[in-house]
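The values are calculated or read from the model by the stated rules, or taken from the named source; none is laboratory data. It should be emphasised that the depicted structure is a prediction, and the values quoted were computed from it without experimental measurement. Reconstructed Cβ throughout: ideal geometry from the backbone, glycine too, with neighbour counts over all protein chains shown. We work out accessible area using only protein heavy atoms, side chains counted, and drop any ligands, DNA or RNA first. Shrake-Rupley method; radii C 1.70, N 1.55, O 1.52, S 1.80 Å.
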Amino acid sequence: VVYEQEGVFIHSSCGKNDDQDSLIAGILRVIEKENEVVVDWRPLDETLDTSNILCAGKDSSSVVEWTQTPKEKCSRGADRPTSYEAEWDMVTTVSFKKKPHSNGDTTIHANGESKWSFLFSLTDLKSIKQNKEGMGWSYLVFCLKDDVKLPALHFHRGDSKLLIKCLEKHVVLNESPHDERVLLVKTQKSLSQSFENLFDEPSYGLLQKWKKDPYTVTMGRFSKVTNYIFDSFRSSDPSNQRRPPSEMADFLNDTIPGLKINQQEEPGFEVITRIDLGKQPEVSRREPVSVEEWAKNMDSEGRIVDVDYIKRLIFKGGLCHTLRKEAWKFLLGYFPWNSTKEERANLQKRKTDEYFRMKLQWKSVSEEQEKRNSRLRDYRSLIEKDVNRTDRTNKFYEGEDNPGLILLHDILMTYCMYDFDLGYVQGMSDLLSPVLYVMENEVDAFWCFVSYMDQMHQNFEEQMQGMKTQLIQLSTLLRLLDSGFCSYLESQDSGYLYFCFRWLLIRFKREFSFQDILRLWEVMWTELPCQNFHLLLCCAILESEKQQIMDKHYGFNEILKHINELSMKIDVEYILCKAEAISMQMMNCKELPQAVSEILGIENSSVTPDSDTGEDESAAELNCPTSLYQSISTPVIAANGTRDGAQQMSETQSLAPA
């Protein structure tokens, strides 16, 4: 809630009679909700009753009536009846019906009551008429885009100027040339369907939000920037020129202070010149690890016999879904690889007790205590918002009062007790969701999430050091892989690679389908074939898109738009093959720069393997078992993503423990 004002009245019988009871007192609010801003007014006696709301729908500017069924009313519960966020969340799940409405006339319901409540999205607002009564107070009339006029709001206890100032942070208001009392909402050019409702505020305001909170903006808006991003830099005077992209890039650079991608200008960095990496080798993938393969590599006490071998199998093919619940605990570090079945059972008992002690800490905080604990209050508010919009199309989380949503909420709240300094930052729910989906157990999911957050912690810290480092490292790798493409990106003011921010922040969670992300993450968790394999995945995606970006001469805005629209269109098996091929290509390079060696964790050696004989040596340089790149007898998935059941990879060496 970014604006709230009591004492805002509707004169229900204005122009009809002088009945004193015609003044309806209410509360006016402006609410930021996900990717839109809504204006809401409701009578004081209805602030706890959301059974009837007049609302300008997002999909059409027609006024519609929200009528809850008795079941829906009951499902709300009485525990948090004043939770405004919960009330608004319900709007997207109930059915709407068209409601005839004109010029603020009262709406009569079956029970004979007049209901004046309304809410609308700022995207549906056409104009605001301002006026003053003889008594001294001001009133406003909102007119929507289909020319529906809502009831006049009379500000008996305060000036309406504060509301106008609040709205101007989200929409551009210009005085009408025909009537100085009317403020017109500036109409922006239409956006494509995939970008509708994206910018309910001026772009400069969006970028200011990015500077203040890059995580929230990245998750919600920034990664979807289009040409529209420059509109905010134009004056209303068409004779003024828009700011150049270079000035825009300078603004973006200011958002992460200290980030300098062009390392050649930075003292202490190695200058990476053009190096011939040779041809990328052909890479194939195998079928997922089966239950039988997993069981064969476990001794009578339940101990993994050959950890390196199992990791190699997972890296090359992933896991069948049945195995994930057990194997992910090892991959994430919750279970030690050398532990027995009995040791793991004892560990789970201890961790269960520890989890519920922490959960009890926030569960036992009273409402009075929480009023004096702003950080906990903020954490809870943000978690509730994010949980309600995390993977809601997945059956595990869909629908209202879903137990999966409750567990998601409780685990994130408990994590705030585990790491109160970090608490909750937007994006963490995206990391937890697949883990909880696989574990189907609150305690196991929590401790696996803790282990995952140990890896990802720097991404969410206030100084963003983890994100700075990764963007610089990615630029270094990309420059070695294709210096020409890097130069092109720099020429289009895209050398900072901000369009990869979301990829890195939540490990591609919103770029691939839910099932594909399960595969991608388990492969990355093997930590093979090198450090920072996720950066090579970024390189693989960018290299795949290079030709289109350069051939079509994409500029700053088109690059951002194009990269964003790759979401859910990337072939995970193809990208894994390509990223692995890039890693082999770099490891076989005779003149690998020191900076790249350090990023990938490759030990520099005076003898660098030749591309045709260097597989074993390059694997050794990575401190990986040599058999990582040996062929494994199984049907494969080729680099083009197709399966060939007839093609068999020969087993050239024993896969016994090294």
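Data overview
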{"quantity": "At R0 = 35 Å, FRET efficiency that the Cβ-Cβ distance of residue 394 and residue 603 yields, to 0.05", "calculated": "0.25"}
{"quantity": "Percent carbon-and-sulfur accessible area, segment 465-600, ignoring ligands, DNA and RNA, probe 1.4 Å", "calculated": "44"}
{"quantity": "Cα principal axis extents for segment 465-600, largest first, Å", "calculated": "39, 37, 29"}
{"quantity": "Approximate spin-label separation residue 550-residue 568, in nm, with each point projected 7 Å along Cα-to-Cβ", "calculated": "3.1"}
{"quantity": "By average C-beta atoms within 10 angstrom, highest first, the peptides 279-287, 408-416", "calculated": "408-416, 279-287"}
{"quantity": "Residue-by-residue Karplus 3J(HN,Hα) for segment 425-438, coefficients 6.51, -1.76, 1.60, Hz, glycine and proline x", "calculated": "10, 4, x, 5, 5, 5, 6, 6, 3, x, 5, 5, 4, 6"}
{"quantity": "Whole-number accessible area per residue in Å² for segment 340-455, which is evaluated in the context of all protein chains at 1.4 Å", "calculated": "47"}
